[in-house]
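Laboratory data are not the source of any read-out in this text; all were calculated from the coordinates shown. All values derive from a computational prediction rather than experimental measurement. No Cβ is skipped: glycine too gets one built from the backbone with ideal geometry, and neighbour counts run over all protein chains shown.
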Amino acid sequence: MDSNSPFSSLGTVNWLDGSLSGAQVHESVKTVGQLVGAFHEREEAERLDPSTVIYRVQWFAPEPAGTDGGLYWGNTAIEPGRIGDEYFMTHGHFHGRRDRGEFYATVQGEGALILMDATRRTWFEKMTPGSLHYIRGDWAHRVANTGAERLRFLACWPTDAGHDYESIALHGFGARMLCREGRPTLVESAS
Ligand code: S6P
Ligand code: ZN
């Protein structure tokens with residue numbers, strides 16, 4: 001059967017681990033060196049090899065960024081580990097457009113989806129294999145790997161959502177996921 005769909009050769013999803021493959025997969029890698037300012041124990045981060053990988057992102061972008069009504073599909077893999085008492089995590093962001101939501105679905109591992117609203121109220125949802133998470137358009141979102149294995153989750157978000165990393169770089173989240181008495185605990189931040 002021949003297909004003449006413009007998107008038929010987009011690629012494939014491996015449902016065992018969520019990874020994407022094909023000629024059109026975009027990829028980025030985030031290292032300790034790039035995330036040093038995100039962790040509260042900055043000196044601990046500076047002691048580590050800056051090339052240590054914290055997470056990798058893959059995504060399909062069938063439409064240019066900003067296209068009205070389009071969708072992107074991605075996969076994020078966060079390594080297990082901590083910097084001091086803080087679990088390896090993503091930068092975290094608001095969407096540039098605060099009316100653009102997103103779905104996350106966990107494939108592998110254990111983690112926490114840390115969410116923050118416009119008033120800086122911060123809470124989390126537990127991520128376990130199969131858990132599905134809806135992120136409202138005006139909630140900042142960051143994921144921490146709180147388990148002993150790689151955490152992998154899938155994401156689907158609008159092409160015109162955009163990313164506001166600056167607000168998080170400047171003010172952070174209202175709380176951090178820290179290891180307290182051996183357990184992941186959401187602890188309010190001073191700033
Ligand atoms: C995009 C979506 C994810 C993240 C990825 C990495 O809207 O939320 O694909 O980009 O999980 O997180 P961050 O905060 O570095 O973009
Ligand atoms: Zn997002």
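Can you name the residue in region 125-171 that is of a type in the set (Gly, Ala, Ser) and touching a residue at least 60 places away in the same chain (Cβ under 8 Å) and is also farthest from Lys30 (Cα to Cα) among such residues? Working first, answer last.
Here is the first cut: in region 125-171, the ones of a type in the set (Gly, Ala, Ser) are 130-131, 137, 140, 144, 147-148, 155, 161-162, 167, 169.
If we keep only those that are touching a residue at least 60 places away in the same chain (Cβ under 8 Å) too, we end up with 144, 147-148, 155, 161-162, 167, 169.
On the way: Ala144: 14, Gly147: 19, Ala148: 19, Ala155: 17, Ala161: 21, Gly162: 19, Ser167: 19, Ala169: 15 Å.
Here the residue is Ala161.
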How many residues does region 71-120 contain that are in a strand (DSSP E or B), more than 16 Å from ligand 2 (Cβ to nearest atom), crowded, with 22+ Cβ neighbours inside 10 Å and not aliphatic (A, V, I, L, M)?
-> 1
Quick check: is even one residue across region 180-191 within 20 Å of Trp59 (Cα to Cα), part of a loop (DSSP other than H, G, I, E, B) and in contact (Cβ under 8 Å) with a residue 24 or more places away in the chain?
-> no
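Just checking, which of Gly182, Gly162, Gly172 is within 16 Å of ligand 1 (Cβ to nearest atom) and either more than 15 Å from Arg120 (Cα to Cα) or among the aliphatic types (A, V, I, L, M) (or both)? Lay out the reasoning, then the answer.
Details: Gly182 fails: within 16 Å of ligand 1 (Cβ to nearest atom); Gly172 fails: either more than 15 Å from Arg120 (Cα to Cα) or among the aliphatic types (A, V, I, L, M) (or both).
Just one listed residue meets the conditions, Gly162.
Which residues, taken from region 144-173, are under 25 Å from Arg42 (Cα atoms), in a strand (DSSP E or B) and within 10 Å of ligand 2 (Cβ to nearest atom)?
In the first step, residues of region 144-173 are kept if they are under 25 Å from Arg42 (Cα atoms); the result is 144-151, 163-173.
Pick out the ones that are also in a strand (DSSP E or B) and you get 144-145, 151, 164.
Scanning region 144-173 gives a single hit, Asp164.
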Matching residues in region 66-90 - criterion: being within 11 Å of ligand 1 (Cβ to nearest atom) and either within 17 Å of Arg42 (Cβ to Cβ) or small (Gly, Ala, Ser) (or both) | Gly74, Ala77, Met89
